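Encoded as structure tokens, the structure appears first; notes follow it.
Just so you know, all these numbers are worked out from the coordinates, no wet-lab data involved. Not measured: the values here are computed from a predicted model. Neighbour counts are summed over all protein chains in view; Cβ atoms, including those assigned to glycine, are modelled from backbone coordinates with ideal geometry.
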Amino acid sequence: MFKNTATTSTLTIIFILNHFYGYCTPDLYDGDACQLKDGSLGVCKSLVLCRWVNEGLRRGSIKTSDLVRCSFEGTNEITCCKDEIPTPSQRPIPSGDEDIYFGNNDISIIPNPTSPSSTSPPPPRLGQRRSEIACENYTRLSSAFLSFNILGGSPTALGEFPHMAALGFPTQEFGGNEYDFNCGGSVISEVLMSYIRMIELFTTTPFHFQNFILTAAHCVTDRNLPTIVRTGKITLLTNDDGVEGVTSTIAEIISHPNYTPSRRYDDIALIRLANPIPFDDHIRPACLRSNMSDIGADVQLIVTGWGRTSVEFGQRSNALLKTNLTGVSLASCNSSLLDYNANDRSLRNGVNLGQICANDPQGGHDSCEGDSGGPLQIYSENGMSTIVGVTSFGISCGSALPSVYARVAFYLDWIESIVWPSR
């Protein structure tokens, strides 16, 4: 029913950027000294972090033909930036052993190949997954925004889980809220706003941008489908968090092809947003776990969402909440669920490798209704979250019985084929 159009639009974006960029200086890396077309010096820097480029293009004080590309690091473009002046410790602009190319009255210095500086990131490892390469890029780009928080309390801090997204379902309620946020999700891919501004200068062709949300299939297969996604906020219905957030319309919903509503399996889906969202201190993608192994009790898992805060009253939280959980092995999970209900036809084959389980051994903390589609994650010391599972179902909110999540590593081939298609 839905068609992925990412590859064509991505190739078009690359063509436009290559065609309109001023010129390139190969073999310059992040932090190296560089020279702009007007002869002034700059420092090679990630395009998304270069204030001079972003503000200049927005104000119209510079054109794309003024830009000098240093190199690429994965999908992250490194450009010559005037935000700072090179210091003596930075690698100088190559001189002496270079070829000079004359054309169109411009002189471009093309240095002979040299080794990358020791501070530049290594090239992608042979056989590295596309999602792992994306994760490395997100981590580097996020370094300017990261703030470290101590976990353990129930409320979350603004920017602590910047990948969190809330799916908005239209309501028929007169005079009430326009949307019910009945499910969650996670931002897992980025669009560099600098690229988009450059594209808008030269074309009116509509593009299919690559911002994807990871969620649960059962959230997006009912008759009442979500129509918006809200990101960058921890309070959905108020401005208590002090930020506006970003509300995006949905362009495409892609449920896993094997998902069936009457079964508990393959409960995973992707949402492509109609408009790009910013990459900033409140909104950033999460990484995806590629290891298929179960997670031991020594690793702290965190579930986040706007789900019910009370089993008795069913009231959903306006503020984003977090709960610490412990991983449960498939064998133990199957045993617990079988003891509770051996006749569950929706789980007739038991919990399988496409699923992962977690619980609070003492009971009282759990994912609950309204948390569906949100992430089960590991919070890293570098401030990035790695998504282990997608909240699928539980037997009873807040009980010691394990809740079940779609295991992200099991579905990485499918996710990557849509979010990061091979080119």
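Sticking with the crude label model, points 7 Å out along Cα→Cβ, report the distance from residue 324 to residue 353 in nm, one decimal please.
3.3
Can you find, among 268, 282, 258, the residue farthest towards the positive end of the dipole of the stretch 258-300? Put +1 on the C-beta of Lys and Arg, -1 on that of Asp and Glu.
258
Convert each backbone phi in the stretch 347-356 into a coupling constant with the Karplus relation 6.51 cos²θ - 1.76 cosθ + 1.60 (shift: θ = phi - 60°), then list the ³J(HN,Hα) values in order as whole Hz, x for Gly and Pro.
10, 5, 9, x, 6, 10, 5, x, 10, 9
Using the Karplus equation 6.51 cos²θ - 1.76 cosθ + 1.60 (θ = phi - 60°), what ³J(HN,Hα) coupling, rounded to whole Hz, does each residue of the stretch 274-288 give in order, writing x for Gly and Pro?
Per-residue couplings from phi come out as 6, 10, x, 10, x, 10, 9, 6, 10, 9, 8, x, 9, 8, 10 Hz.
Under the 0.36 nm per residue contour assumption, what length would be gained going from the current alpha-carbon distance of residue 281 and residue 297 to full extension?
That pair, residue 281 and residue 297, stretches by 2.6 nm at full extension.
So how much slack lies between residue 240 and residue 177, counting 0.36 nm per residue of separation and subtracting their Cα-Cα distance, in nm?
My answer for the length gained is 21.0 nm.
Would you kindly state how much longer the chain becomes between residue 258 and residue 37 on full extension, computed as 0.36 nm times their sequence separation minus their alpha carbon distance, in nm to one decimal?
74.2 nm
In whole Hz and in residue order, list the ³J(HN,Hα) couplings for the stretch 38-52 that follow from phi through the Karplus curve 6.51 cos²θ - 1.76 cosθ + 1.60, θ = phi - 60°; x for Gly and Pro.
Result, ordered by residue: 7, x, 6, 8, x, 10, 5, 8, 4, 4, 5, 9, 8, 5, 4 Hz.
What spacing in nm lies between the two simple spin-label points modelled at residue 346 and residue 247, each 7 Å away from Cα in the Cβ direction?
For residue 346 paired with residue 247, the spin-label model returns 3.0 nm.
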